[in-house]
Amino acid sequence: MIGTIVNTCCIIVGTLAGTFFKKGLGEKYTQTLFNAMGLASLALGANSFVQNMPKSEFPVLFILSLAIGGIVGTALDLDGRTKRLIAKKGGEGLATGLISACLLYCVGTFSIVGPVMSAINGDNTFLYTNSTLDLVTSTVFATTYGIGMILAAPVLFLWQGSFYLVAKLASTSAILQGTLVNELAIVGGVLIISSGLSILNIKDCKTLNYIPALLVPVLWFLVKGLFQ
(Lines give C-alpha, C1' and ligand atoms only; values in the text may rest on other atoms or scores of the structure.)
Protein backbone atom coordinates (compact mmCIF):
# COMPACT_ATOMS: atom_id res chain seq x y z
CA MET A 1 0.00 0.00 0.00
CA ILE A 2 3.01 2.31 0.20
CA GLY A 3 2.57 3.37 -3.42
CA THR A 4 -1.06 4.36 -2.84
CA ILE A 5 -0.11 6.24 0.32
CA VAL A 6 2.55 8.18 -1.59
CA ASN A 7 0.04 8.94 -4.36
CA THR A 8 -2.51 10.20 -1.85
CA CYS A 9 0.08 12.38 -0.11
CA CYS A 10 1.14 13.89 -3.45
CA ILE A 11 -2.42 15.02 -4.11
CA ILE A 12 -2.61 16.59 -0.65
CA VAL A 13 0.74 18.37 -1.07
CA GLY A 14 -0.16 19.52 -4.58
CA THR A 15 -3.52 20.86 -3.42
CA LEU A 16 -1.93 22.80 -0.57
CA ALA A 17 0.70 24.25 -2.89
CA GLY A 18 -1.89 25.20 -5.50
CA THR A 19 -4.09 26.86 -2.88
CA PHE A 20 -1.12 28.94 -1.73
CA PHE A 21 -0.26 30.05 -5.28
CA LYS A 22 -3.92 30.81 -6.01
CA LYS A 23 -3.78 33.86 -3.76
CA GLY A 24 -1.44 35.64 -6.15
CA LEU A 25 -3.39 34.86 -9.33
CA GLY A 26 -5.81 37.23 -10.99
CA GLU A 27 -9.10 36.28 -12.64
CA LYS A 28 -7.48 36.24 -16.08
CA TYR A 29 -4.88 33.66 -15.08
CA THR A 30 -7.37 31.61 -13.11
CA GLN A 31 -9.54 31.32 -16.21
CA THR A 32 -6.50 30.34 -18.25
CA LEU A 33 -5.72 27.50 -15.84
CA PHE A 34 -9.39 26.55 -15.85
CA ASN A 35 -9.26 26.16 -19.63
CA ALA A 36 -5.97 24.28 -19.36
CA MET A 37 -7.59 21.67 -17.13
CA GLY A 38 -10.43 21.26 -19.60
CA LEU A 39 -8.06 20.79 -22.52
CA ALA A 40 -5.89 18.41 -20.49
CA SER A 41 -8.96 16.33 -19.65
CA LEU A 42 -9.87 16.05 -23.32
CA ALA A 43 -6.30 15.05 -24.25
CA LEU A 44 -5.87 12.50 -21.45
CA GLY A 45 -9.29 10.98 -22.05
CA ALA A 46 -8.67 10.66 -25.78
CA ASN A 47 -5.24 9.16 -25.13
CA SER A 48 -6.69 6.53 -22.78
CA PHE A 49 -9.37 5.61 -25.30
CA VAL A 50 -7.07 5.47 -28.34
CA GLN A 51 -4.35 3.49 -26.57
CA ASN A 52 -6.66 0.83 -25.18
CA MET A 53 -9.32 0.48 -27.86
CA PRO A 54 -7.10 -1.59 -30.22
CA LYS A 55 -6.46 -4.04 -27.35
CA SER A 56 -10.15 -4.61 -26.66
CA GLU A 57 -11.49 -8.09 -27.23
CA PHE A 58 -15.06 -6.75 -27.03
CA PRO A 59 -15.15 -3.47 -29.04
CA VAL A 60 -18.84 -2.83 -28.38
CA LEU A 61 -18.60 -3.38 -24.62
CA PHE A 62 -17.83 0.27 -23.90
CA ILE A 63 -20.96 1.32 -25.81
CA LEU A 64 -23.12 -1.07 -23.79
CA SER A 65 -21.36 0.07 -20.61
CA LEU A 66 -22.10 3.73 -21.27
CA ALA A 67 -25.72 3.01 -22.23
CA ILE A 68 -26.49 0.78 -19.26
CA GLY A 69 -24.43 2.84 -16.82
CA GLY A 70 -26.00 6.08 -18.04
CA ILE A 71 -29.53 4.77 -17.54
CA VAL A 72 -28.73 3.55 -14.02
CA GLY A 73 -26.93 6.77 -13.09
CA THR A 74 -29.69 8.96 -14.46
CA ALA A 75 -32.32 6.97 -12.58
CA LEU A 76 -30.32 7.51 -9.37
CA ASP A 77 -29.52 11.15 -10.31
CA LEU A 78 -25.91 10.63 -9.25
CA ASP A 79 -24.65 13.77 -10.97
CA GLY A 80 -27.33 16.06 -9.59
CA ARG A 81 -27.18 14.74 -6.04
CA THR A 82 -23.37 14.89 -5.88
CA LYS A 83 -23.16 18.39 -7.34
CA ARG A 84 -25.84 19.68 -4.97
CA LEU A 85 -24.03 18.17 -2.00
CA ILE A 86 -20.64 19.62 -2.94
CA ALA A 87 -22.13 22.95 -4.04
CA LYS A 88 -23.57 23.46 -0.55
CA LYS A 89 -20.03 23.38 0.81
CA GLY A 90 -17.99 25.14 -1.83
CA GLY A 91 -20.04 26.23 -4.83
CA GLU A 92 -20.83 24.79 -8.24
CA GLY A 93 -17.30 25.41 -9.52
CA LEU A 94 -15.82 23.18 -6.82
CA ALA A 95 -18.31 20.44 -7.67
CA THR A 96 -17.25 20.45 -11.32
CA GLY A 97 -13.55 20.56 -10.44
CA LEU A 98 -13.75 17.82 -7.83
CA ILE A 99 -15.62 15.47 -10.14
CA SER A 100 -13.11 16.10 -12.91
CA ALA A 101 -10.14 15.63 -10.59
CA CYS A 102 -11.45 12.34 -9.19
CA LEU A 103 -11.93 11.01 -12.70
CA LEU A 104 -8.44 12.07 -13.78
CA TYR A 105 -6.79 10.66 -10.67
CA CYS A 106 -8.72 7.39 -10.52
CA VAL A 107 -9.82 6.35 -13.99
CA GLY A 108 -6.50 5.77 -15.68
CA THR A 109 -4.30 2.80 -16.47
CA PHE A 110 -1.66 3.74 -13.88
CA SER A 111 -4.27 4.13 -11.14
CA ILE A 112 -5.82 0.74 -11.90
CA VAL A 113 -2.82 -1.36 -12.89
CA GLY A 114 -0.55 0.32 -10.32
CA PRO A 115 -2.18 -1.06 -7.15
CA VAL A 116 -2.58 -4.47 -8.81
CA MET A 117 1.15 -4.65 -9.63
CA SER A 118 1.94 -3.42 -6.13
CA ALA A 119 -0.19 -6.14 -4.55
CA ILE A 120 1.06 -8.97 -6.75
CA ASN A 121 4.73 -8.15 -7.34
CA GLY A 122 5.48 -5.43 -4.80
CA ASP A 123 6.26 -3.17 -7.77
CA ASN A 124 5.25 0.46 -7.11
CA THR A 125 6.72 1.92 -10.31
CA PHE A 126 3.33 2.72 -11.86
CA LEU A 127 2.06 4.27 -8.64
CA TYR A 128 5.15 6.45 -8.22
CA THR A 129 4.78 7.62 -11.81
CA ASN A 130 1.11 8.34 -11.20
CA SER A 131 2.03 10.19 -8.00
CA THR A 132 4.28 12.57 -9.93
CA LEU A 133 1.58 13.29 -12.49
CA ASP A 134 -1.05 13.81 -9.78
CA LEU A 135 1.25 16.14 -7.84
CA VAL A 136 1.40 18.50 -10.81
CA THR A 137 -2.26 18.08 -11.75
CA SER A 138 -3.53 18.64 -8.20
CA THR A 139 -1.46 21.83 -7.93
CA VAL A 140 -3.05 23.25 -11.08
CA PHE A 141 -6.54 22.14 -10.02
CA ALA A 142 -6.13 23.85 -6.65
CA THR A 143 -5.02 27.12 -8.23
CA THR A 144 -8.37 27.07 -10.02
CA TYR A 145 -10.77 25.55 -7.46
CA GLY A 146 -9.05 25.99 -4.10
CA ILE A 147 -8.50 23.89 -0.99
CA GLY A 148 -11.71 21.91 -1.49
CA MET A 149 -9.88 19.82 -4.09
CA ILE A 150 -8.15 18.02 -1.23
CA LEU A 151 -11.30 15.90 -0.94
CA ALA A 152 -10.10 13.99 -4.00
CA ALA A 153 -7.26 12.47 -1.92
CA PRO A 154 -9.40 10.08 0.17
CA VAL A 155 -11.38 9.15 -2.96
CA LEU A 156 -8.15 8.09 -4.66
CA PHE A 157 -7.00 6.19 -1.57
CA LEU A 158 -10.24 4.19 -1.41
CA TRP A 159 -10.21 3.56 -5.17
CA GLN A 160 -6.64 2.27 -5.36
CA GLY A 161 -6.98 0.50 -2.03
CA SER A 162 -9.93 -1.46 -3.39
CA PHE A 163 -7.92 -2.68 -6.38
CA TYR A 164 -5.02 -3.54 -4.10
CA LEU A 165 -7.19 -5.67 -1.81
CA VAL A 166 -8.99 -7.38 -4.70
CA ALA A 167 -5.66 -8.23 -6.35
CA LYS A 168 -4.38 -9.64 -3.06
CA LEU A 169 -7.42 -11.84 -2.62
CA ALA A 170 -8.39 -12.77 -6.18
CA SER A 171 -6.98 -15.86 -7.80
CA THR A 172 -7.82 -14.34 -11.19
CA SER A 173 -5.44 -11.42 -10.74
CA ALA A 174 -4.12 -11.88 -14.27
CA ILE A 175 -7.49 -10.66 -15.55
CA LEU A 176 -7.03 -7.44 -13.62
CA GLN A 177 -3.74 -6.85 -15.41
CA GLY A 178 -5.11 -7.58 -18.87
CA THR A 179 -8.40 -7.34 -20.68
CA LEU A 180 -10.51 -5.97 -17.84
CA VAL A 181 -8.08 -3.09 -17.30
CA ASN A 182 -8.26 -2.29 -21.02
CA GLU A 183 -12.05 -2.16 -20.96
CA LEU A 184 -12.09 0.01 -17.82
CA ALA A 185 -9.55 2.38 -19.37
CA ILE A 186 -11.67 2.71 -22.53
CA VAL A 187 -14.83 3.58 -20.59
CA GLY A 188 -12.80 5.79 -18.26
CA GLY A 189 -11.30 7.65 -21.21
CA VAL A 190 -14.77 8.55 -22.46
CA LEU A 191 -15.77 9.76 -18.99
CA ILE A 192 -12.68 11.96 -18.75
CA ILE A 193 -13.49 13.47 -22.16
CA SER A 194 -17.00 14.14 -20.92
CA SER A 195 -15.56 15.85 -17.87
CA GLY A 196 -13.35 18.03 -20.06
CA LEU A 197 -16.35 19.15 -22.10
CA SER A 198 -18.06 20.23 -18.88
CA ILE A 199 -15.02 22.18 -17.66
CA LEU A 200 -14.82 24.07 -20.97
CA ASN A 201 -18.57 24.78 -20.85
CA ILE A 202 -19.00 23.07 -24.22
CA LYS A 203 -21.48 20.47 -23.06
CA ASP A 204 -22.62 19.38 -19.61
CA CYS A 205 -22.89 15.62 -20.11
CA LYS A 206 -23.67 15.01 -16.42
CA THR A 207 -20.60 12.79 -16.22
CA LEU A 208 -21.33 11.28 -12.83
CA ASN A 209 -24.51 9.72 -14.19
CA TYR A 210 -22.23 7.52 -16.29
CA ILE A 211 -20.04 6.34 -13.41
CA PRO A 212 -21.99 3.03 -13.12
CA ALA A 213 -20.65 2.29 -16.61
CA LEU A 214 -17.37 1.31 -14.93
CA LEU A 215 -19.15 -1.58 -13.21
CA VAL A 216 -20.48 -3.08 -16.43
CA PRO A 217 -17.12 -4.50 -17.68
CA VAL A 218 -16.53 -6.01 -14.22
CA LEU A 219 -19.94 -7.70 -14.25
CA TRP A 220 -19.36 -8.81 -17.83
CA PHE A 221 -16.16 -10.65 -16.92
CA LEU A 222 -17.69 -12.15 -13.79
CA VAL A 223 -20.64 -13.56 -15.77
CA LYS A 224 -18.35 -14.65 -18.59
CA GLY A 225 -16.17 -16.50 -16.10
CA LEU A 226 -19.16 -18.54 -14.88
CA PHE A 227 -19.57 -20.10 -18.32
CA GLN A 228 -15.93 -20.96 -18.93
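Rounded to the nearest 500, what is the chain's calculated 222 nm mean residue ellipticity when only DSSP H runs of at least 4 contribute -39500 (n - 2.57) each, over all residues?
Numbers: 11 runs with 181 residues, N = 228.
Counting only the DSSP helices, I get -26500 deg cm²/dmol.
Skip the ligands, DNA and RNA, and give the accessible area per residue of the chain with a 1.4 Å probe, whole Å².
Dividing the accessible area of the chain by its residue count gives 49 Å².
Considering only protein heavy atoms and a 1.4 Å probe, what is the carbon-and-sulfur percentage of the accessible area of the chain?
Carbon and sulfur atoms account for 71 percent of the accessible area of the chain.
Round to the nearest 10 and report in Å² the accessible area of L169, as given by a 1.4 Å probe over the protein chains' heavy atoms.
Its accessible surface works out to 150 Å², give or take rounding.
In square angstrom, rounded to the nearest 10, how much accessible surface does W159 have for a 1.4 Å probe?
So the heavy atoms of W159 present about 70 Å² to solvent.
Hey, what's the per residue convex hull volume over the C-alpha atoms of region 123-228, in cubic angstrom?
Residue-normalised Cα hull volume stands at 120 Å³.
With a 1.4 Å probe and every protein chain left in place, tell me how much accessible area Y128 has, in Å² to the nearest 10.
In the full protein context, Y128 sits at about 100 Å².
With respect to the cross-link table entries K83/K224; K168/K206; K22/K83; K28/K203; K83/K168, which display a Cα-Cα separation exceeding 27 Å? Before the final figure, lay out each step's value.
On the way: K83/K224 35 Å; K168/K206 34 Å; K22/K83 23 Å; K28/K203 22 Å; K83/K168 34 Å.
Cα-Cα > 27 Å for K83/K224; K168/K206; K83/K168; rest within.
Listed highest first by mean packing, meaning other Cβ atoms within 10 Å per residue, what order do 119-127, 136-144, 1-9 come in?
Going from most to least packed, we get 136-144, 1-9, 119-127.
Rank these by accessible area, largest first, 1.4 Å probe: K28, K224.
From most accessible down to least: K28, K224.
The values are calculated or read from the model by the stated rules, or taken from the named source; none is laboratory data. As the structure is a computational prediction, the values presented were derived from the model and not from experiment. Note: ideal-geometry Cβ built from the backbone for every residue, glycine included; neighbour counts use all protein chains shown. SASA here: full protein model, heavy atoms, side chains in, ligands and nucleic acids out. Shrake-Rupley method; radii C 1.70, N 1.55, O 1.52, S 1.80 Å.
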